[in-house]
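Novice: If you scroll down you'll find the structure; I have some questions about it.
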Amino acid sequence: MRMRKKKHLDERLSQFSNLVDIAPVTEDYRKVVEKKEYIDFSEYFGNSNPLQMEIGCGKGQFIFELASRNPDINYIAVEVNRNVICDACKKAQDGNINNVVFMHCGAEVLNKYITPGSIGRIYLNFSCPFPKKAYENRRLTYIRFLDIYREILADDAEIHQKTDNMHFFEFSIEQFTAGGYKLKNVSLDLHNSSFEGNIITEYEHRFSSQGMPIYRLEAYK
């Protein structure tokens with residue numbers, strides 16, 4: 001179901017100091033990213049703590065819990081949906097969560113704004129699987145996105161992925177391998193594994209409560 005645009009959305013978004021609101025891409029993203037505009041996130045956070053990122057943060061349940069567990073890490077939460085990111089920004093503001101900053105943009109322009117080698121970890125939680133073959137280049141583990149992540153990730157950084165979609169998971173493994181990433185801690189049924197410290201997202205709770213297995217992996221350069 002499609003969300004209705006919130007009233008006075010642009011005005012509301014402009015009031016959040018924890019939001020980097022990027023203008024929508026109206027031309028070929030490859031031309032857009034040629035001119036770099038690196039963001040100094042230490043100005044947003046007021047410190048130079050290590051940076052991690054969630055791409056597709058939704059309303060923020062995962063990133064808020066992660067931030068509360070790790071107050072000495074700064075988190076960039078990326079979300080392309082303006083309605084959703086508005087809710088997340090407000091929750092962070094109301095909850096006085098100071099180590100999360102939001103970026104309203106698509107993943108295809110991240111290397112325009114993120115300094116190379118500055119991200120210690122990327123989280124991809126229940127990204128849209130775009131099941132039709134014709135749309136596979138929109139999947140966040142498609143190799144064009146993996147190349148972007150490679151540019152912004154530190155040398156020892158990792159990508160952590162979770163999904164309920166077996167075919168998307170298989171596709172992701174193929175793409176990571178083709179992109180020169182190595183894999184570890186691959187789980188075909190996360191909730192029945194020995195993995196500790198899992199943070200359950202909104203979608204994860206819904207899917208697991210229906211008895212669906214959760215797939216998880218860690219990829220590194």
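The values are calculated or read from the model by the stated rules, or taken from the named source; none is laboratory data. No experiment lies behind these values; they were computed from the predicted model shown. When we count neighbours, we look across all protein chains shown, and the Cβ atoms used for this are built from the backbone with ideal geometry, even at glycine. Keep in mind that these areas ignore ligands, DNA and RNA; they rest on the heavy atoms of the full protein, side chains included. Shrake-Rupley method; radii C 1.70, N 1.55, O 1.52, S 1.80 Å.
Novice: Could you list all residues from the stretch 64-82 that are within 18 Å of ILE22 (Cβ to Cβ) and touching a residue at least 60 places away in the same chain (Cβ under 8 Å)?
Specialist: ASN81, ARG82, listed by residue number.
Listed here are the residues, each with its yes/no results for (1) crowded, with 21+ Cβ neighbours inside 10 Å; (2) not β-branched (Val, Ile, Thr).
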position: ASN125; (1), (2): yes, yes
position: PHE168; (1), (2): yes, yes
position: SER172; (1), (2): yes, yes
position: GLY179; (1), (2): no, yes
position: ILE200; (1), (2): no, no
position: MET212; (1), (2): no, yes
position: TYR220; (1), (2): no, yes
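Novice: What are the residues in the stretch 24-57 that are in a helix (DSSP H, G or I), over 27 Å from ASP87 (Cα atoms) and either hydrophobic (A, V, I, L, M, F, W, C) or modelled with pLDDT of 95 or more (or both), if any?
Specialist: Across the stretch 24-57, the qualifying residue is only VAL32.
Novice: I've got another one for you. Picking from THR177, THR201, which residue would you name as being among the hydroxyl-bearing types (Ser, Thr, Tyr), closer than 19 Å to GLY58 by Cα and touching a strand residue (DSSP E or B) at 6+ places or on another chain (Cβ under 9 Å)?
Specialist: Of THR177, THR201, the one residue that is among the hydroxyl-bearing types (Ser, Thr, Tyr), closer than 19 Å to GLY58 by Cα and touching a strand residue (DSSP E or B) at 6+ places or on another chain (Cβ under 9 Å) is THR201.
Novice: Oh, and also: Do we have any residue at all in the stretch 129-143 that's more than 25 Å from PHE168 (Cα to Cα) and either of a type in the set (Phe, Trp, Tyr) or at pLDDT 95 or above (or both)?
Specialist: No - not one qualifying residue is present in the stretch 129-143.
Novice: Of the residues PHE168, PHE195, only one is over 19 Å from GLU136 (Cα atoms) and either out of contact with any Gly (no Cβ under 6 Å at 6 or more places or on another chain) or in a helix (DSSP H, G or I) (or both); which?
Specialist: PHE195
Novice: Would you call ILE85 in contact with a helix residue (DSSP H, G or I) (Cβ under 6 Å, 6 or more places away or on another chain) and in contact (Cβ under 8 Å) with a residue 40 or more places away in the chain?
Specialist: When the stated conditions are applied, ILE85 does not pass them.
Novice: If we keep just the residues of the stretch 58-111 that are part of a helix (DSSP H, G or I) and small (Gly, Ala, Ser), which is most open to solvent (accessible area, probe 1.4 Å)?
Specialist: SER68
Novice: Does SER118 qualify as being farther than 14 Å from GLY56 by Cα and either out of contact with any Leu (no Cβ under 8 Å at 6 or more places or on another chain) or of a type outside the set (Phe, Trp, Tyr) (or both)?
Specialist: So SER118 passes the test.
Novice: Something else about it: Within the stretch 90-99, can one find any residue that is touching a residue at least 12 places away in the same chain (Cβ under 8 Å) and within 24 Å of TYR220 (Cα to Cα)?
Specialist: No, the stretch 90-99 contains no residue that is touching a residue at least 12 places away in the same chain (Cβ under 8 Å) and within 24 Å of TYR220 (Cα to Cα).
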